[in-house]
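A.B. asks: The structure that follows is given in the form of C-alpha cells.
The values are calculated or read from the model by the stated rules, or taken from the named source; none is laboratory data. Computed from a predicted model, the values in this text were never measured in an experiment. Ideal geometry is used to build each Cβ from the backbone, glycine not excepted, and the neighbour counts take in all protein chains shown.
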Amino acid sequence: MFRFRGLFGRLLGFYLLIVVGTLGILGVLLSRLLQDYFFAAKQQELVSKGATIAELAGPLFQPGADQKEAQQHLAVAGRLLTGGALIVDRQGQLVDSIGQRPLVGTDGRTSCAVCEQLPELMAAMNGQVVTRTGYSPIFHESAFFAAVPITDRGAVVGAVIMHSPVLGLRDTIVHTRLLVFGLALAAIALSTLLGYFLARSVADPLRRMSRAAGQMAAGDFDTRVPEKGTDEVGQLATALNRMSSSLRETIQSLSEEQSKLSHIVATMGEGVIAVDRAGHVLMANPQAKAMLAGQQGELTGQALADGPLAAAFHQAMSEGKEATISLPGHDGTAVLQAHISPTAVEGSTVGAVGVVQDVTELQRVEQMRRQFVADASHQLRSPLTAVQGHAEALLDEVAPDAATRTRYLASIVRDCRHLNRLIEQLLDLSHLESGQAKLTLKPVAVPALLHRVVDSVSDAEGQPEITLEAATDLPPGLADESYTEQVLLNLLANALRYTPPDGQVRVWARTESQHLLIGVTDTGKGIAPEHLPRIWDRFYRAGETNKDGTGLGLAIVKSLVERQGGQVSAESRLGVGSTFTFTLPLANR
Ligand SMILES: Nc1ncnc2c1ncn2[C@@H]1O[C@H](COP(=O)(O)OP(=O)(O)O)[C@@H](O)[C@H]1O
Ligand SMILES: [Mg+2]
C-alpha cells in the first residue's frame, strides 16, 4: 500500500499545507472582518436609534412641554432596545434611563453616579456624535456606546448615551466563526481526498516507471508501462517504452556483433589473449589455452604467469609499441610466436592483445628449404669442382700423355652427365612437389605395364636376371601411367645397380584388400637398418659413394606414388636383399 513518503507524500503534504494555510489565513481574516462589520453595524444602529431617542427626549428639556407624555414615549421606545439609553442634561445629571436595565436611584428617581466617567459624554455635550466599544463602569461588562447630543434650537441641552452589551453579539460572532471553522474543516477533508487522488495520479505512474526502469537496468527490456493520457506523465511513459524497445534493439545488435566476434575469435587458427593494464587476462580463446597449456594456468581472470610472455605484454603496454616474441610450445618441440599489440583508448594504453601462432610447421618447412638448398649446392659443387680441375689441367697441359688426357676428358664427360642427371632429377622433384606436374589418373592394366618396363631394361649385358610375376587377370589400378612407369624404372634401376650380376631381381604385383601392391625384390647387398628409414630422403645414399646415383631416385618415387594416392615401403636385410613396394588404388572401387 501507499506509504506517505517519496513524491506521493511530498505532493500530498504540500497540497495540504497550502489548503490548510490558505483556509487558516482566510478564516482568521474573515472572522476579523465579520467582527468589525458586526461592531460597525451595531454602532450605526445605536447612533440612529440614539438620534430618534434624542428627538423623543426633546420635550424633557422644554419648560412647559408635556413631560409625562414624553416619558411615556421614551419608555415605549426603551422596550425596543437590546441595551439601554441614558438621557443626561448639560450638568451631567441623569434625566431619564430607559431600556432593558434602567438605572433606578435610591430616591426612586433615576440616578447616575458614574455618568461623568463616560468619556463620550463630553464629546456629545460639544455637539458631536461619538461611538465607542469598551468597558462599562455602570454594568461592569463590555459594551457598545453611542452618544448623541440633544439640541433645542441649535443649542446642546443634553445628551443621549446609548449602550448595548457586547455579549449578545459575541455569541453571534462565535457562531459565525464556528461555522467558518467547520466549513474550513470540510474543505480540508475534501481537498485531502482530492489531493490524495491527485498525488496518486502523479506518483503512481512515476513509481511504475521507476520500477520499469529498474527492470531495464537489470536487463529486462520487455517491460512496458501503461501509456495513459497525453499529459507529461503519459508522454514520459511513451518515451520510456520507446527507449526500452530501442535499447533492446541496440543491445540485441550489440550482442549479435559480440557473438559474431567471439565466434570468429573462438574459431580462428591463432590463439588470442587480451589483457588489461595490470596484466590480468580478460579473454583467451581455446586455441591460446591449448597452445599455452603448461606454462600458463587457466588464463582467464588471472594474471599471466611470470615469463617471457608476461614480460612482452608489459613491455608492449609500457612502450606503447607492438612486440613479437618466440616461445617454446607446450610439448617442448613446438615453436610459438606471439605478436602483441597494445590497445589504446583516447591515447592512453588500457591493455594489450596478443595473437599466438604455432610456427612449428612453418619453421620446419623453412628448415627443409634451407637444407635442400645447402644439399643441392653441395651435390652440384663436387662434380663441378672435378670438371673444373680436369679442364684446367688440360688447359695448362699438365697431363703428360695422350692416355691421361683422354682419361681426364672421359672424367669430365662423366661428371657432366652426372650433373645433368642431378639437375634433371632436381627439376623433376621440384616440379612434382610444387604440384605443377600434370597428373592424369585412369585405369591402368598393371601386368602389361610391368612387361613393358621390364622389357625396356632387361637387354643389357652383365646384369642380374629379371623375372616377372603378375596374374594376367589382375584388376586395373587407378594411376597415371607415366608416373607409375617412372616409379618402376627408378626401383628397377636401384635393384640392378645394387645387386651383383649373378643375383636375382623379381618384379611382382598382386591385389591386397583395398589396393594393388607392386614390388621389386632383389637379392642384392641390402641396406643396413640404421639407413633404412632415411633412404626416401633427398640426396640420402646410405653410405653409397659411386657416382652413378644422385640420392634423388627414391625421393622421386615416394613423391610420385603419394601423388597417385599410394604408399611406399621398403624392407631389407644386409647381404640378403631388399624389397621395395608401393600401392595403387583399384580402378573399380
Ligand atoms: N635395391 C637396393 N638395394 C640396396 N640399396 C639400395 C637399393 N635401393 C636403394 N638403395 C640405397 O638407397 C639409397 C638411395 O637410393 P636412391 O634414392 O635411388 O639413390 P641412388 O641415386 O643412390 O640410387 C641408395 O644410395 C642406396 O644406398
Ligand atoms: Mg636410384
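One line per residue, one yes/no per condition, for (1) more than 30 Å from Ser201 (Cα to Cα); (2) among the polar types (S, T, N, Q); (3) touching a Cys at 6+ places or on another chain (Cβ under 8 Å); (4) at pLDDT 85 or above:
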| position | (1), (2), (3), (4) |
| --- | --- |
| Leu17 | no, no, no, yes |
| Gly21 | no, no, no, yes |
| Ala54 | yes, no, no, yes |
| Ala57 | yes, no, no, yes |
| Gln62 | yes, yes, no, no |
| Ala65 | yes, no, no, no |
| Gln72 | yes, yes, no, yes |
| Val76 | yes, no, no, yes |
| Arg90 | yes, no, no, no |
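A.B. asks: Moving on. For region 346-377, give me the residue count where each residue is free of Cβ contacts under 8 Å to residues at least 24 places away in the same chain and within 30 Å of Ser326 (Cβ to Cβ).
C.D. replies: Qualifying residue count, region 346-377: 14.
A.B. asks: Okay, next question. I'd like to check something: does region 8-22 contain any residue that is of a type in the set (Phe, Trp, Tyr), surrounded by fewer than 16 Cβ atoms within 10 Å (Cβ to Cβ) and over 53 Å from the mean Cα position of the chain (by Cα)?
C.D. replies: no
A.B. asks: Here is a further query. Considering only region 477-589, give the strands (runs of 3 or more DSSP E) lying wholly within it that have at least 1 residues that are within 11 Å of ligand 1 (Cβ to nearest atom) and of a type in the set (A, V, I, L, M, F, W, C).
C.D. replies: Once the strands (runs of 3 or more DSSP E) in region 477-589 are filtered for at least 1 residues that are within 11 Å of ligand 1 (Cβ to nearest atom) and of a type in the set (A, V, I, L, M, F, W, C), what remains is 504-511, 515-522, 568-573, 577-585.
A.B. asks: Scan region 532-557 for residues that are under 60 Å from the mean Cα position of the chain (by Cα), surrounded by fewer than 19 Cβ atoms within 10 Å (Cβ to Cβ) and within 16 Å of ligand 2 (Cβ to nearest atom) and report the count.
C.D. replies: Residues meeting the conditions: 3.
A.B. asks: May I pose another question? For residues that are more than 23 Å from Val373 (Cα to Cα) and of a type in the set (A, V, I, L, M, F, W, C), tally how many sit in region 530-589.
C.D. replies: Number satisfying all stated conditions: 11.
A.B. asks: What number of residues in region 517-531 are farther than 13 Å from Ser578 by Cα and either within 12 Å of ligand 2 (Cβ to nearest atom) or of a type in the set (A, V, I, L, M) (or both)?
C.D. replies: 2
A.B. asks: Also, I was wondering about something else. As an exercise: evaluate Gly219 against (1) crowded, with 17+ Cβ neighbours inside 10 Å; (2) free of Cβ contacts under 8 Å to residues at least 40 places away in the same chain and give the number of the one condition it does not meet.
C.D. replies: Answer for Gly219: the failing condition is (1).
A.B. asks: Can you name the number of the only condition in (1) at pLDDT 85 or above; (2) among the polar types (S, T, N, Q); (3) closer than 30 Å to Phe39 by Cβ that Thr192 fails?
C.D. replies: Status for Thr192: all satisfied but (3).
A.B. asks: Let me ask something additional. Look through region 418-455, keep the residues that are among the polar types (S, T, N, Q) and in contact (Cβ under 8 Å) with a residue 12 or more places away in the chain, and return whichever of them is surrounded by the most Cβ atoms within 10 Å (Cβ to Cβ).
C.D. replies: Looking at the filtered set, the residue picked out is Gln425.
A.B. asks: Then there is this: If you check Ser210 against the conditions, is it surrounded by fewer than 12 Cβ atoms within 10 Å (Cβ to Cβ), on the phi < 0 side of the Ramachandran plot, among the small types (Gly, Ala, Ser) and at pLDDT 85 or above?
C.D. replies: Against the criterion (surrounded by fewer than 12 Cβ atoms within 10 Å (Cβ to Cβ), on the phi < 0 side of the Ramachandran plot, among the small types (Gly, Ala, Ser) and at pLDDT 85 or above), Ser210 does not qualify.
A.B. asks: Any idea how many residues of region 392-451 are part of a strand (DSSP E or B) and among the acidic types (Asp, Glu)?
C.D. replies: Residues that pass the stated criteria total 0.
A.B. asks: Is it true that some residue in region 261-278 is closer than 30 Å to Ala213 by Cβ and assigned by TED's automatic domain parsing to the domain that holds Ser341?
C.D. replies: No: zero hits.
Per-residue answers, yes or no, for (1) closer than 15 Å to Thr581 by Cα; (2) surrounded by fewer than 16 Cβ atoms within 10 Å (Cβ to Cβ); (3) more than 16 Å from ligand 2 (Cβ to nearest atom):
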{"site": "Pro500", "(1), (2), (3)": "no, yes, yes"}
{"site": "Gly503", "(1), (2), (3)": "no, no, yes"}
{"site": "Arg510", "(1), (2), (3)": "yes, yes, yes"}
{"site": "His515", "(1), (2), (3)": "yes, no, yes"}
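A.B. asks: Mind counting the residues in region 340-363 that are of a type in the set (D, E, K, R) and surrounded by fewer than 12 Cβ atoms within 10 Å (Cβ to Cβ)?
C.D. replies: 2
A.B. asks: Still on this structure: Cβ-Cβ under 6 Å, sequence separation 6+ or interchain: first residue in region 381-402 and without any contact (Cβ under 8 Å) to a residue 40 or more places away in the chain, partner surrounded by 15 or more Cβ atoms within 10 Å (Cβ to Cβ) and polar (S, T, N, Q). Which pairs?
C.D. replies: His390/Ser411
A.B. asks: Does Thr440 count as away from ligand 2 (no atom under 16 Å from the Cβ) and of a type in the set (Val, Ile, Thr)?
C.D. replies: yes
A.B. asks: Checking the structure you have, find out if any residue of region 405-414 is touching a strand residue (DSSP E or B) at 6+ places or on another chain (Cβ under 6 Å), over 30 Å from Ala374 (Cβ atoms) and aliphatic (A, V, I, L, M).
C.D. replies: Within region 405-414, not a single residue is touching a strand residue (DSSP E or B) at 6+ places or on another chain (Cβ under 6 Å), over 30 Å from Ala374 (Cβ atoms) and aliphatic (A, V, I, L, M).
A.B. asks: Restricting region 558-578 to residues that are within 14 Å of ligand 2 (Cβ to nearest atom) and within 60 Å of the chain's Cα centre (by Cα), which is surrounded by the fewest Cβ atoms within 10 Å (Cβ to Cβ)?
C.D. replies: Filtering first and then ranking leaves Val568.
A.B. asks: So the check is Cβ under 8 Å with 6+ separation or different chains; which pairs have a first residue in region 476-503 that's under 14 Å from Val568 (Cβ atoms) and a second one that's among the hydroxyl-bearing types (Ser, Thr, Tyr) and within 10 Å of ligand 2 (Cβ to nearest atom)?
C.D. replies: If the second residue must be among the hydroxyl-bearing types (Ser, Thr, Tyr) and within 10 Å of ligand 2 (Cβ to nearest atom), no pairs are left.
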